[in-house]
Amino acid sequence: MASAGTGVTTRQPSRDQDRRAVAIVGRGRLGKAFAAALRAAGHEVTGPVGRGEPIGAPRAALLCVPDGQVAVAAASIAADVLVGHCSGALTLDAIGSRPAFSVHPLLPVATETTRFAGAFCAVSGNTDDAMRFAAALARDLGMTPFALADEFRPLYHAAATMASNYVVALLDAAEQVFHRSGVAREAMIPLARAAVDEWARLGGERALTGPIVRGDEGTVERQRAAIDAYAPEFSGVWSAVASLTRGLANRARTAGPDTAAAR
């Protein structure tokens, strides 16, 4: 395309080049992690910036803000910019009627240097172009994208919370109980890692160990009494998790002797 009055031909950026210009809105851990990872992947990144701050003219703006701020943040973005959010629970309706996408990495983003490579990523788009953009963005960061239906987003997000946040909370409770028995935090780390690794390798029914799956009810009752005596604030948690474990143990026994071997 010739610039007026200069005779100089300028080239419009290719769609792939255009796709790589992204603004990050939100200065929290997620926004900073996305900005760093996208830059490392070769994207032209603006930000992270605060909500309502100028972002220039990128191909897309990725909103890394709390769910309750998505609609307001989206409304401040120019109409010709493709807008996406990072919420696992929200549908694209939160962005409005404009072309929109979402990317939700299935991994905890606890620091600004979190690496996304190797994770799965739920993606959605309300146009074909928006969906392609979301999937390409996930792949650029080394993630495996998968489509997620709007009707299942709250259920999916509940499962993600159980697999991440609730596991951390349960490990913290176990750490406190270990501490009261005089055992250091470091001693439980290999145990917890091995349990997750075995679950990943074998599945819950085959990876489950301990007194409940062995049917050792005497030991279970002594554990319950010790929790009640020394860590009573965790009695409810212990009972709920023991009940959940009992259900898994019953499934393991039903599955057959190879699965429910004494462990």
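A Cβ distance below 8 Å, combined with a sequence gap of six or more or placement on separate chains, defines the contacts here; from region 179-190, residues that are without any contact (Cβ under 8 Å) to a residue 40 or more places away in the chain and in the same structural domain as Val167 (by TED's automatic domain parsing) reach no residue that is aromatic (Phe, Trp, Tyr) and in a loop (DSSP other than H, G, I, E, B). Within region 15-39, the only residue that satisfies the criterion of being exposed (fewer than 13 other Cβ atoms within 10 Å of the Cβ) and either at pLDDT 50 or above or not charged (D, E, K, R) (or both) is Gln17.
Which one is nearest to Thr161 (Cα to Cα), of the residues in region 95-113 that are among the small types (Gly, Ala, Ser) and at pLDDT below 95? The selected residue is Ala110. The set of residues from region 108-154 being at positive phi and touching a Pro at 6+ places or on another chain (Cβ under 6 Å) is empty.
Of all residues in region 132-190, those that are surrounded by fewer than 16 Cβ atoms within 10 Å (Cβ to Cβ), touching a strand residue (DSSP E or B) at 6+ places or on another chain (Cβ under 9 Å) and not in a helix (DSSP H, G or I) total 4.
Of the residues in region 201-213, none is surrounded by fewer than 15 Cβ atoms within 10 Å (Cβ to Cβ) and of a type in the set (Asp, Glu). Take Cys86 and tell me if it is free of Cβ contacts under 8 Å to residues at least 60 places away in the same chain, among the hydrophobic types (A, V, I, L, M, F, W, C), assigned by TED's automatic domain parsing to the domain that holds Gly42 and in contact with a Pro (Cβ under 6 Å, 6 or more places away or on another chain). Answer is no for this residue. In this structure, does Gln12 turn out to be modelled with pLDDT under 95 and either surrounded by fewer than 22 Cβ atoms within 10 Å (Cβ to Cβ) or in contact with a Lys or Arg (Cβ under 9 Å, 6 or more places away or on another chain) (or both)? It is true that Gln12 is modelled with pLDDT under 95 and either surrounded by fewer than 22 Cβ atoms within 10 Å (Cβ to Cβ) or in contact with a Lys or Arg (Cβ under 9 Å, 6 or more places away or on another chain) (or both). Residues that are under 20 Å from Ala149 (Cβ atoms), in contact with a strand residue (DSSP E or B) (Cβ under 6 Å, 6 or more places away or on another chain) and buried (at least 21 other Cβ atoms within 10 Å of the Cβ) do occur in region 75-84, at least one of them. Please go through region 100-125 and pick out each residue that is assigned to a loop (DSSP other than H, G, I, E, B), touching a strand residue (DSSP E or B) at 6+ places or on another chain (Cβ under 6 Å) and either outside the structural domain of Ala41 (by TED's automatic domain parsing) or under 19 Å from Val65 (Cβ atoms) (or both). Answer for region 100-125, where residues must be assigned to a loop (DSSP other than H, G, I, E, B), touching a strand residue (DSSP E or B) at 6+ places or on another chain (Cβ under 6 Å) and either outside the structural domain of Ala41 (by TED's automatic domain parsing) or under 19 Å from Val65 (Cβ atoms) (or both): just Phe116. Scanning region 229-238 for residues that are surrounded by 12 or more Cβ atoms within 10 Å (Cβ to Cβ), in contact with an Asp or Glu (Cβ under 7 Å, 6 or more places away or on another chain), polar (S, T, N, Q) and outside the structural domain of His104 (by TED's automatic domain parsing) turns up at least one hit.
Does Ser97 fit the bill of being buried (at least 20 other Cβ atoms within 10 Å of the Cβ) and not β-branched (Val, Ile, Thr)? Considered against the rule, which asks whether it is buried (at least 20 other Cβ atoms within 10 Å of the Cβ) and not β-branched (Val, Ile, Thr), Ser97 comes out as no. Taking region 147-167 as the range and being in contact (Cβ under 8 Å) with a residue 60 or more places away in the chain and either closer than 13 Å to Pro108 by Cα or charged (D, E, K, R) (or both) as the test, the residues that pass are Arg153, His157, Ala160.
The values are calculated or read from the model by the stated rules, or taken from the named source; none is laboratory data. Treat the numbers as computed from the prediction; the structure is a model and nothing was measured. Quick reminder, even Gly has a Cβ in these numbers, built from the backbone with ideal geometry, and neighbours come from all protein chains shown.
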